[in-house]
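As structure tokens, the structure follows; a few thoughts come after it.
Every number here is computed from the coordinates shown, using simple stated rules; none is lab data. All values reported here derive from a predicted model rather than from experimental measurement. Positions of Cβ are backbone-derived with ideal geometry, glycine not excepted, and every protein chain shown enters the neighbour counts.
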Amino acid sequence: MRLLQHQRLWQLVLAAMAIPLAFIAFWPSPVDKPVSGQLAAVLTYLHRHGTPRWFNYNSVEASANIVLFMPVGFVAALAFPSKRWWQIGAFGALVSGCIELGQLLFLHDRFASLSDILTNTSGAAIGALLALWGSKKGGPAPFGGGPPTSAKS
């Protein structure tokens, strides 16, 4: 049986992923606070050297949220293969909504936002689509990119 088809394994991986996700989501202060000065310096440098102004802190944060939830969607799609990609996206929205609600109610230094829910949901849906694509492709191609050939001596 292929690794991608081990449903129980992926369910355990998904449960294990909840631990670091919870640490990131419910850390008392924003997780980027320790590097905010360095990030501002890098963005200033990039803007001075031709990077468009729309590539700013907000776009970095949105991209980070998408990337954070892509593995959640990927693993959830493998853990529950009978679910459609949009159902996995809805699962991402539910998880993200709970995170944002928790931040709103319990973490006064954190900022709950609708944009976080949208980007996290997008990440989960993209991850689910990648898992679907990967499982339909049938796995990686053999070394060299083509079908294996037998060598005649």
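A few notes on this one:
- Any hit, the stretch 38-55, residues being closer than 18 Å to Asn120 by Cβ, without any contact (Cβ under 8 Å) to a residue 40 or more places away in the chain, not in a helix (DSSP H, G or I) and not polar (S, T, N, Q): no
- Condition check for Leu14: in a helix (DSSP H, G or I), under 18 Å from the mean Cα position of the chain (by Cα) and either surrounded by 13 or more Cβ atoms within 10 Å (Cβ to Cβ) or touching a residue at least 40 places away in the same chain (Cβ under 8 Å) (or both): yes
- Among residues that are among the hydrophobic types (A, V, I, L, M, F, W, C), more than 15 Å from Trp133 (Cβ to Cβ) and either crowded, with 19+ Cβ neighbours inside 10 Å or touching a Phe, Trp or Tyr at 6+ places or on another chain (Cβ under 9 Å) (or both), Phe106 is included.
- Scanning the stretch 17-37 for residues that are surrounded by 14 or more Cβ atoms within 10 Å (Cβ to Cβ) and in a helix (DSSP H, G or I) returns Met17, Leu21, Ala25.
- For the stretch 1-11, the tally of residues that are surrounded by fewer than 11 Cβ atoms within 10 Å (Cβ to Cβ) and outside any helix (DSSP H, G or I) stands at 2.
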